[in-house]
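Here is the structure we will look at.
The values are calculated or read from the model by the stated rules, or taken from the named source; none is laboratory data. Bear in mind the structure is a predicted one, so any value in this text is a computation, not a measurement. Backbone-built Cβ (ideal geometry, glycine too); neighbour counts: all protein chains shown. To get the accessible areas, we keep the full protein, side chains included, count just its heavy atoms, and leave off ligands, DNA and RNA. Shrake-Rupley method; radii C 1.70, N 1.55, O 1.52, S 1.80 Å.
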Amino acid sequence: AVEVKAPMPGNILDVKVAAGASVKAGDVLVILEAMKMENEISAPQDGTIASVNVRKGDVVNSGDLLITMN
């Protein structure tokens, strides 16, 4: 499985995918707000979403697991 982790601390503004969804490399998975900027966290490769480990409104730290993909 491929782990998609938070690149920086922030707040989860939106989750764009659900478990079981097929994604392509570059598809936006999560919107992370950090320092008043919205950062799009994208899929590193084509695959299927195995798990979504955050919800809208969650606060995450750098390195926290957001999404796992197969």
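Couple of notes before you dig in:
- If the segment from Ser51 to Asp27 were pulled out straight at 0.36 nm per residue, it would be longer than the present Cα-Cα gap by 7.1 nm.
- The magnitude of the dipole of the chain, with charges of +1 and -1 set on the Cβ of Lys/Arg and Asp/Glu and taken from the Cα centre, is near 80 debye.
- Accessible surface calculations at 1.4 Å, restricted to protein heavy atoms, place the range 7-67 at 58 Å² per residue.
- Point-to-point label distance, Lys36-Leu65, nm (Cα→Cβ direction, 7 Å offset): 3.5
- Solvent-accessible area, 1.4 Å probe, carbon plus sulfur percent, for the chain: 47
- The smallest convex shape that holds all Cα atoms of the chain, its convex hull, gives 65 Å³ per residue.
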